[in-house]
Structure formats: structure tokens, C-alpha cells
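The values are calculated or read from the model by the stated rules, or taken from the named source; none is laboratory data. The shown structure was predicted, so the numbers you read here are calculated from the model rather than taken from an experiment. Every residue, glycine as well, gets a Cβ built from its backbone with ideal geometry; the counts of neighbours run over all protein chains shown.
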Amino acid sequence: MFESVGAMPDAIPKTWDRIFSEWFPSTGYEHADGPELEVYSTKGDTSSEDYRCEVWIPIVKK
């Protein structure tokens, strides 16, 4: 699970980019088969710089 913070719709693609360009290369994990989810809260203002949502990605140890 990766937290995304910031105004939508810009924040979520930035989170995806960071997951694949920074997190995966710097860890011993890789993307696993399975569904990916973007989980959006119904609380908060999606245009706020403080809005929080999550990206859920299946991972496995390399």
C-alpha cells in the first residue's frame, strides 16, 4: 500500500511514477500478478493539497 497525498487528479499519477521509478528499483521486491487498486477516501476535498488516497499493488520478493 502506497499513500498518495495531494490534489487530484495530479497526485495519483505522481504516486504511480514514484512507485515504479523509485520504490521498486530500490527494494528487493517486484510487481506480482494480481489486481492493482486505487482507493479514494470519501472524506476530504479532492482538490486539497492534503487529500489522501492509496495505491495498492501486489508485490513479491525477487
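So here's what we get for this one:
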| read-out | value |
| --- | --- |
| Test result for Glu30, of a type in the set (Asp, Glu) and within 13 Å of the chain's Cα centre (by Cα) | no |
| Segments classed as strands (runs of 3 or more DSSP E), wholly inside the chain, with at least 3 members that are surrounded by 14 or more Cβ atoms within 10 Å (Cβ to Cβ) and at pLDDT 95 or above | 52-56 |
